[in-house]
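Below is one structure, written out as structure tokens; the observations come after it.
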Amino acid sequence: MNWIKKVFKGCAHKSSEGHYHGHYAEDRQFYAPSGSGDAWREHENEEIDRAIALSLLEESQKGRRVKDDKSQLEDDEQLARAIQESLNFEPPPQYENVNTYQPMPVHFPTGYRICAGCNTEIGCGRFLNCLSAFWHPDCFRCHACNLPISDYEFSMSGNYRFHKSCYKEQYHPKCDVCNHFISTNPAGLIEYRAHPFWMQKYCPSHEHDGTPRCCSCERMEPHDTGYVALNDGRKLCLECLDSAVMDTKQCQPLYLDIQEFYESLDMKVEQQVPLLLVERQALNDAREGEKNGHYHMPETRGLCLSEEQTVSTIRRRPRLGTGNRSMDMITEPYKLTRRCDVTAILILYGLPRLLTGSILAHEMMHAWMRLQGFRTLSQDVEEGICQVLAHMWLLTQFDSASDSNGAWTSSSSSSSRLKKGKRSQLERKLGEFFKHQIESDASPVYGDGFRAGHQAVYKYGLRNTLEHIRMTGRFPH
């Protein structure tokens, strides 16, 4: 230290000027200096004190300079921080997952900021502070439209950010009927209806505002797609219209297919039973003329008649006119005469081929059992076994038809004869729906009857099940 240097300088200076008086004796005894050494010693102490004082003064001045420099540095940092915050002033955007909410402000220490979007340093200028990260304003983009999000609110789905409008367009359900966004209920929840098979979503109001359904596939009519209006008031979608059977003559090849199907099961219908396609009103009138029988509600689509009566049948199919309305259909009366226990089979016209075929297979089973002399059965047993035959025929129309269920084995050869080429994807989908209708029917007669009959046929086979029904009037357990 400086004060020590000054001490040593003072000592050297005095030793060069002062004189020691004395000598070494032979016995090596040291002799002290003379009396003038006391004055030197006193002068030397004064020099040391003055050096210490000067050194302390220098240290005090140096400490004052360090404190002044540190205070200046803190002032500079506060000024820089204030400038940066003034440039950065922008309220952080809100974000949401399902409902919008505001995040708590997060304070980050100053220093280097890395953009979470481009992974580069954020320099001077504006930046966003949200989602626990920093962003260049141009890097905070919507996952849907890829445009920067500058709104005060935005939406989140997983780790993806969206404009609120883009999020609604992509995730908010739209009605398949009116094509509007499905509104929320008074509780703030999105409420809609959906078909259990087609998964067609629609506003609950369309169930009560008169929106028509297809009489075949049950789908509601979209506002931008017109259904075909049949003469009897029913509506038919364009997909079902593509394979619809419209008159009695057109249905005859399908009738032959069903007869071959029964022959393959060794259940040939010996009598020639007339098959007629009719309108809804003619079918309802014929149903009223029958003394006995159970009919599927809410609408009957097929009948096996046993009484003599006159029925109005469709001789020429209608053509499609303006406004998607069928027109120029020709009907004629048909007199039914009783030559046996079955006078005719009536089928509702305008249904797709596969649905028409399954109804025809069902009614043919009624005819076969009456011609075979089966006793009067309970409704669930008779309608249930008829539904089993309709279901079996549908299976023969697709690749799923086989003898894997063990119920019947002789129909595999018939299956190849019945398929007139590969079905279109749409027709296959319709066939799956018609099978689904049979399998999921909730009625105690048709639904529960089918499930009991299907289980019996699966367990015992069709022939044994029919023999048990003939003898006992019930399904085997």
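The values are calculated or read from the model by the stated rules, or taken from the named source; none is laboratory data. Keep in mind that what you see is a predicted model, and the values were worked out from it rather than measured. Using ideal geometry, Cβ is built from the backbone for each residue, glycine included, and neighbour counts are taken over all protein chains shown. All accessible areas refer to the heavy atoms of the entire protein, side chains included, with ligands and DNA or RNA removed. Shrake-Rupley method; radii C 1.70, N 1.55, O 1.52, S 1.80 Å.
Listed conditions (1) assigned to a loop (DSSP other than H, G, I, E, B); (2) without any contact (Cβ under 8 Å) to a residue 12 or more places away in the chain; (3) closer than 21 Å to PRO173 by Cβ are all met by TRP198, apart from (2).
Do we have any residue at all in the stretch 230-244 that's over 24 Å from LEU351 (Cβ atoms) and surrounded by fewer than 20 Cβ atoms within 10 Å (Cβ to Cβ)? So that I can check it myself, show each step before the final result.
The first filter runs over the stretch 230-244 and keeps only residues over 24 Å from LEU351 (Cβ atoms), leaving none.
Among the residues of the stretch 230-244, not one is over 24 Å from LEU351 (Cβ atoms) and surrounded by fewer than 20 Cβ atoms within 10 Å (Cβ to Cβ), which makes the answer no.
Within the stretch 265-286, the set of residues being part of a loop (DSSP other than H, G, I, E, B) and open to solvent by 80 Å² or more (accessible area, probe 1.4 Å) comprises ASP266, LYS268, GLU270, GLN271, GLN272.
Checking the condition modelled with pLDDT under 90 and more than 30 Å from ARG370 (Cβ to Cβ), which residue from GLU207, GLU221 passes? Talk me through it step by step, then tell me what you get.
On the way: GLU221 fails: modelled with pLDDT under 90.
Checking each option against the conditions leaves just GLU207.
When GLU299 is tested against (1) at pLDDT 90 or above; (2) within 29 Å of GLN425 (Cβ to Cβ); (3) open to solvent by 50 Å² or more (accessible area, probe 1.4 Å), just one condition goes unmet, and that condition is (1). Evaluate the stretch 176-193: report whether one residue or more is within 26 Å of the chain's Cα centre (by Cα), of a type in the set (Phe, Trp, Tyr) and not assigned by the TED database to the domain that holds THR225. No, every residue in the stretch 176-193 fails to be within 26 Å of the chain's Cα centre (by Cα), of a type in the set (Phe, Trp, Tyr) and not assigned by the TED database to the domain that holds THR225.
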